[in-house]
Amino acid sequence: MLISPEDDPPRRAADEALMRAVRARADLGPAPSPDAEALAYRAAVDAAPDTVTLDLLRGVWGRLDASRRPSLAVHGAEAALFAADRFGLNLRLTETAEAALASVQGRSRALIELDARPWWGRLLARPELRVAAAFPEARQARPRALLVSAETTGPTGDDRTFWVTDSRLSEARIVDDLSRVGLPAEPLVAAGGLKLFVLAGYVQAEDGRLDGAPGDLSGVIGAAPQY
């Protein structure tokens with residue numbers, strides 16, 4: 001015979017409180033800006049007491065965010081794993097990075113893997129689109145996928161900036177040149193005659209320190225907060 005489980009009032013009360021909290025948070029709607037969302041998320045991440053709580057927080061926060069947006073366009077197997085882990089399954093896989101980029105408008109976004117194709121170079125000609133996040137998001141983690149958005153973002157106090165150049169100089173020489181003007185840099189990927197670098201901090205596209213940077217075609221394509 002089947003045995004009915006005993007009533008567990010503390011667990012039932014905790015489950016009900018959880019549902020009320022999730023509903024109340026969802027009803028608040030989107031944050032007033034991506035930067036405000038990033039600052040609130042960072043405060044929650046920093047307050048997480050352990051890795052289990054942190055993993056739960058990332059998933060719940062990402063799904064709440066995704067529930068208020070169109071499906072996320074995703075290109076690349078690893079990018080799909082990042083997206084599913086962070087935002088849930090409200091995803092739309094695309095065959096090409098270009099198709100993912102073409103879908104970005106309004107509050108829609110695209111998460112695109114960094115691979116052998118320099119899709120990120122297209123952002124130099126599309127200033128209305130910017131890199132707004134990088135995965136993994138953790139501090140000191142090497143980015144393997146970039147989130148592209150049409151929403152305007154600003155500094156959050158702990159960011160990394162993405163800069164592209166067509167310079168033929170070696171990556172080491174470019175890093176030295178940028179360091180001399182106060183822009184610590186790290187090479188990320190090179191393809192199709194273009195090089196993508198990560199600059200420390202939030203660097204604006206019109207930052208005067210980039211005026212003499214190597215390359216005939218170069219520029220900032222966005223910045224991402226770190227957590």
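One residue alone among Val189, Val181, Val198, Val203 is in contact (Cβ under 8 Å) with a residue 24 or more places away in the chain and under 18 Å from Glu128 (Cα atoms), and that residue is Val203.
When the residues of the range 64-82 are filtered to those that are buried (at least 18 other Cβ atoms within 10 Å of the Cβ) and in contact (Cβ under 8 Å) with a residue 60 or more places away in the chain, the one that is farthest from Phe135 (Cα to Cα) is Gly76.
Check Thr156, Thr152 and return the single one that is among the polar types (S, T, N, Q), surrounded by fewer than 18 Cβ atoms within 10 Å (Cβ to Cβ), assigned to a loop (DSSP other than H, G, I, E, B) and within 21 Å of the chain's Cα centre (by Cα).
Working: Thr156 fails: surrounded by fewer than 18 Cβ atoms within 10 Å (Cβ to Cβ).
Only one candidate qualifies: Thr152.
Residues in the range 88-116 that are assigned to a loop (DSSP other than H, G, I, E, B) and of a type in the set (Val, Ile, Thr) were compared, and the one that is farthest from Ser71 (Cα to Cα) is Thr96. Flag set for Ala36, criterion: under 15 Å from the mean Cα position of the chain (by Cα), of a type in the set (A, V, I, L, M, F, W, C) and assigned to a helix (DSSP H, G or I).
Can you find a residue that is part of a helix (DSSP H, G or I), farther than 21 Å from Gly222 by Cβ, at pLDDT below 95 and small (Gly, Ala, Ser) anywhere in the range 64-81? The answer is no; no qualifying residue exists. The residues of the range 49-63 that are more than 20 Å from Val104 (Cα to Cα) and either surrounded by 15 or more Cβ atoms within 10 Å (Cβ to Cβ) or in contact (Cβ under 8 Å) with a residue 12 or more places away in the chain (or both), listed by number, are Leu54, Leu57, Arg58, Gly59, Val60, Trp61.
Consider the range 167-193 and keep the residues that are acidic (Asp, Glu) and assigned to a helix (DSSP H, G or I). The one that is surrounded by the fewest Cβ atoms within 10 Å (Cβ to Cβ) is Asp176.
Provide a single number: the residues in the range 87-127 that are closer than 15 Å to Phe162 by Cα, among the charged types (D, E, K, R) and surrounded by fewer than 21 Cβ atoms within 10 Å (Cβ to Cβ). Number satisfying all stated conditions: 2. Restricting the range 142-178 to residues that are of a type in the set (Gly, Ala, Ser) and in contact (Cβ under 8 Å) with a residue 40 or more places away in the chain leaves a set whose member that is nearest to Leu114 (Cα to Cα) is Ala145. Give the range 1-32 a look and list any residue that's outside any helix (DSSP H, G or I) and either of a type in the set (Lys, Arg) or touching a residue at least 24 places away in the same chain (Cβ under 8 Å) (or both), or say none. Matches in the range 1-32: Gly29, Pro30. The number of residues in the range 132-144 that are hydrophobic (A, V, I, L, M, F, W, C) and surrounded by fewer than 23 Cβ atoms within 10 Å (Cβ to Cβ) comes to 4.
Within the range 42-52, how many residues turn out to be part of a helix (DSSP H, G or I) and over 14 Å from Arg86 (Cα atoms)?
Summing the residues that are part of a helix (DSSP H, G or I) and over 14 Å from Arg86 (Cα atoms) in the range 42-52 gives 7.
The values are calculated or read from the model by the stated rules, or taken from the named source; none is laboratory data. Note that the structure is a prediction, hence the values are computed from the model and not measured. Positions of Cβ are generated from backbone atoms using ideal geometry, with glycine treated the same way; all protein chains shown enter the neighbour counts.
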